[in-house]
Amino acid sequence: NDDIEKYSVVRAVAAIERCDVCVLMIDGAEGLSEQDKKIAGIAHEAGKGIVLVVNKWDLVPKETNTMRDFKRLLQADLQFMSYAPILFISVKEKQRVKQVIDTCKTVSENRSLRVPTSQLNALIQDAVLMKQPPSDKGKRLKIYYGTQIGVKPPLFSFQINKRELMHFSYSRYIENRIRESFGFEGTSIKFIFREKGDRDEFIG
């Protein structure tokens, strides 16, 4: 059993490397497994598009809000990919199967989205006004300029005054504001924070 599991992970990793959009199939009757989490993490780190598909939904006993509660459990276990759409299907009963293909197409398009520099910087200015950047020993983080420099996955570069002041929580706040304004459902977003004389640092 261990050999089979290792082999299946190796094949999954190879498939992730080849693809643009990953469909992570979850057994609705069994729930999210540790192997599912491992593969999800690999796809996220690789910057691939991701669609979470819960299959065998016809076998799950239904009560009020069953789908909502299952989705919340998934999002709690996979907090690092809250951007991924979640679909509930039954291949056996042919329920919502076509929706998987349509969602994959949308996610693929989102990985190629470009945000105009003027709109990005206007958003950053508003975000900073709404929530002050972190500070340390009297020195406050300043974001001078931002621009999108890549796609598949979307890659943003920011010129800042001091990298150590860019806390993960504030980086996530900026990411959430970008997603609220421009979408990017189904794809991770990568950030580079540049400080004069220093090497680039990737976050996200």
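Sorting 64-72, 152-160 by their mean Cβ neighbour count within 10 Å, with the most densely packed peptide first, gives 152-160, 64-72. Taken one residue at a time, the phi angles of region 8-15 give Karplus couplings (6.51, -1.76, 1.60, θ = phi - 60°) of 5, 5, 4, 5, 5, 4, 5, 5 Hz. Gly and Pro are set to x.
In terms of distances greater than 26 angstrom between alpha carbons, the cross-link table entries Lys56/Lys105; Lys137/Lys190; Lys48/Lys162; Lys48/Lys139; Lys162/Lys190 yield Lys137/Lys190; Lys48/Lys162; Lys48/Lys139. Annotation for region 106-120 versus region 122-185: alpha-carbon center distance of 16 Å. For helix 117-130, report the angle its Cα long axis makes with the longest principal axis of the Cα atoms of the chain; keep it between 0 and 90° and round to the nearest 10°. Rounded to the nearest ten degrees, it is 80. Each residue, Asp126 and Glu180, gets one label point 7 Å from its Cα in the Cβ direction; the gap between the two is 0.9 nm. Here's the list of aspartates and glutamates a cross-link from Lys131 could span, going by alpha-carbon distance under 15 Å and ignoring same-chain residues fewer than 8 apart: Glu175.
Starting from one equal scatterer on each C-alpha and no solvent at all, send me the Debye-based log10 I(q)/I(0) for region 80-204 at q = 0.11, 0.20, 0.22 Å⁻¹, two decimals. Computed log10 I(q)/I(0) values: -0.45, -1.12, -1.31. Taking all protein chains as present, what is the carbon and sulfur share of the accessible area of the chain, in % to the nearest whole number, probe 1.4 Å? Within the chain, the accessible surface is 50 percent carbon and sulfur. Simple rule: put +1 on each Lys or Arg Cβ and -1 on each Asp or Glu Cβ in region 17-108, find the dipole, and look at Val54, Ser90, Cys19; the Cα lying farthest toward the positive end is Ser90. Remark: region 64-78, residue by residue, has Karplus-estimated 3J(HN,Hα) of 4, 6, 4, 5, 4, 5, 5, 5, 5, 5, 4, 5, 5, 6, 10 Hz, where x stands for each Gly or Pro and the curve is 6.51 cos²θ - 1.76 cosθ + 1.60 at θ = phi - 60°. Ranked by solvent-accessible area (1.4 Å probe, protein heavy atoms only, all chains present), the residues Met25, Met81, Met130 order from largest to smallest as Met130, Met25, Met81.
In order along region 171-184, the phi-based Karplus estimate (6.51 cos²θ - 1.76 cosθ + 1.60, θ = phi - 60°) of 3J(HN,Hα) comes to 4, 5, 4, 4, 4, 4, 5, 5, 5, 4, 8, 10, x, 6 Hz; Gly and Pro are listed as x. Its alpha carbons considered, region 1-154 gives a radius of gyration followed by a Dmax of 19.4, 62 Å. Summed over the residues of region 69-204 and divided among them, the accessible surface reaches 58 Å² per residue at a probe radius of 1.4 Å.
The values are calculated or read from the model by the stated rules, or taken from the named source; none is laboratory data. Values in this document were obtained by computation on a predicted structure and should not be read as measured data. For neighbour counting, all protein chains shown are included, and Cβ atoms are generated from backbone atoms with ideal geometry for every residue, glycine included. Just so you know, the surface numbers come from the protein's heavy atoms only, side chains and all, with ligands and any DNA or RNA stripped out. Shrake-Rupley method; radii C 1.70, N 1.55, O 1.52, S 1.80 Å.
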